[in-house]
Amino acid sequence: MSSKAIKKSLSLLCCTLALFCGCKDNAVNTANTTQKETADEDDGSVEFVVKGVDPTEKTNKFNMSIAGDYIIYDTMYNYANGLYGSDTYNFKPMVKNLKQFTEKCEVNYYNQETILAGDELPVSSYPMFVSPTEAGDAMVNIGYNLVSTSTNHSLDGGEDGVLAQYKYWQKQKDVLMTGTYNSQKARDEVRIKECNGITYTMLSYTYATNGIPLPEGKDYLVNVWPTDFDINDPAKDDNYIRYKKQVKKDIEAVRDKVDFLIVTMHSGVEYAVDESEYQRDTAKFLADNGVDLVIGTHPHVIQPAEYIGDTLVYYSLGNLLCAQMQDEYYNKVTSILATFTVNKTIENGETKITFDNLEHELLYSYYDQGTWGGYCVVPFSNKDIKDYMPEYKEVYETYKAQFTKRDPSLYVVPAAGSRRAAARNNALIHNETR
């Protein structure tokens, strides 16, 4: 049987299994390319598991959300500790408003900027972060199941921190974490997830590790795609160019094993409102090599999004939750959360991934500047946003324009209280009563 026939047979099998099992994951070691399938236990929710799967059509689909950088400062974990009132931490109130997005999606992504190793190492804050694992618990609790961990802070806790975080994420059922590993074998293993007949995986890279070198012979700990800011030119940066061979190898190891391929890239210039030449070069390279979705992290502010060919590219979503300064522009505490439908279509034996129903919600990472407490994420469409940010309408227009700079057709959900929001709400009510 040819490889294409095998892939087609596996695809049909996946569609059938999805009718009974919903989303699940498989492990593939690229050293021998053997596939091991493990079906999840049936939760009895027939409506959930058949969502997006119609055996009479050639299209499968699932809903996905993506969010920005989660950075845990000491004021945040001190506040979380106070909420719990003991030796542990309660981050759940900070992220509870995100559930309105995650509960509508089968796949939910965010970037864990700071390492979750507080179970084994002392917690710490800027400039060397080690965060409580309860911060991750809060995200998993509301449905986040896709996480990147390759950031410039990946080595803040040293090798022990990477190993502790890897151990934490391996304990989280049905969560795919990529970017940091405990061995070369784990680094080379492709974790394939499946949802509604669509197989997918994610690769993750960072431009550097906060000036901390990787231990000799242990490059597998963090995927570092190096960037030399002294050169500041992707066409002349030999180390950056050389690492493209590794990225291409990583892509080739998984591209024919999944329908949908995601790459997250932690790079760019902090607080720059436009993408850098490195970010653009990286995105084009990934698009040229068959990546379907590129998610940029690190600049900590909203940057534009666009399509490069059929590849959807988000250069930077901004800070999902943090304790960075809230200046008059709110740039470090305003982010984008995107939701969309991932479609898999098979035509003439060829699989194609497309996106529709794209919606982009502006979020405010709020905290009380007087008490360094009250941390929470507030959507701009929430009617209470005016109580947290009186200037929210002006801020909304500023970052809507910034985000849609490359592609004005990208839809940004209206802010609360606007005529567009009222019209949208009326339309939603009308559709629900039809």
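Side notes on the structure shown:
- Just one of the numbered conditions (1) of a type outside the set (Lys, Arg); (2) within 19 Å of the chain's Cα centre (by Cα); (3) surrounded by fewer than 19 Cβ atoms within 10 Å (Cβ to Cβ) is not true of residue 277: (2).
- Taken together, the criteria exclude residue 220 from residues that are touching a residue at least 12 places away in the same chain (Cβ under 8 Å), out of contact with any Asp or Glu (no Cβ under 7 Å at 6 or more places or on another chain), part of a helix (DSSP H, G or I) and within 20 Å of residue 261 (Cβ to Cβ).
- Scan of the stretch 99-150 for residues that are within 15 Å of residue 167 (Cβ to Cβ), touching a strand residue (DSSP E or B) at 6+ places or on another chain (Cβ under 8 Å) and surrounded by fewer than 21 Cβ atoms within 10 Å (Cβ to Cβ), ordered by number: 121
- When each of 37, 47 is tested for being more than 28 Å from residue 296 (Cα to Cα), outside any helix (DSSP H, G or I) and either in contact with a strand residue (DSSP E or B) (Cβ under 6 Å, 6 or more places away or on another chain) or at pLDDT below 85 (or both), the lone residue that passes is 37.
- Out of 240, 271, sole residue that is touching a residue at least 24 places away in the same chain (Cβ under 8 Å) and part of a loop (DSSP other than H, G, I, E, B): 271
- For residue 313, the conditions (1) buried (at least 24 other Cβ atoms within 10 Å of the Cβ); (2) touching a His at 6+ places or on another chain (Cβ under 9 Å); (3) more than 17 Å from residue 223 (Cβ to Cβ) all hold with the exception of (2).
- Residues that are outside any helix (DSSP H, G or I) and either within 14 Å of residue 365 (Cα to Cα) or among the β-branched types (Val, Ile, Thr) (or both) were ranked within the stretch 72-97; the one that is modelled with the lowest pLDDT is 88.
- Count of the stretch 106-131 residues which are over 28 Å from residue 226 (Cα atoms) and touching a helix residue (DSSP H, G or I) at 6+ places or on another chain (Cβ under 7 Å): 2
- Set side by side, the residues 144, 168, 126 differ, and just one is more than 20 Å from residue 65 (Cα to Cα), of a type in the set (Phe, Trp, Tyr), part of a loop (DSSP other than H, G, I, E, B) and at pLDDT 95 or above, which is 126.
- Flag for residue 351 being part of a loop (DSSP other than H, G, I, E, B), over 16 Å from the mean Cα position of the chain (by Cα) and β-branched (Val, Ile, Thr): no
The values are calculated or read from the model by the stated rules, or taken from the named source; none is laboratory data. Quick caveat, the model's predicted, so the values are computed rather than measured. Ideal geometry is used to build each Cβ from the backbone, glycine not excepted, and the neighbour counts take in all protein chains shown.
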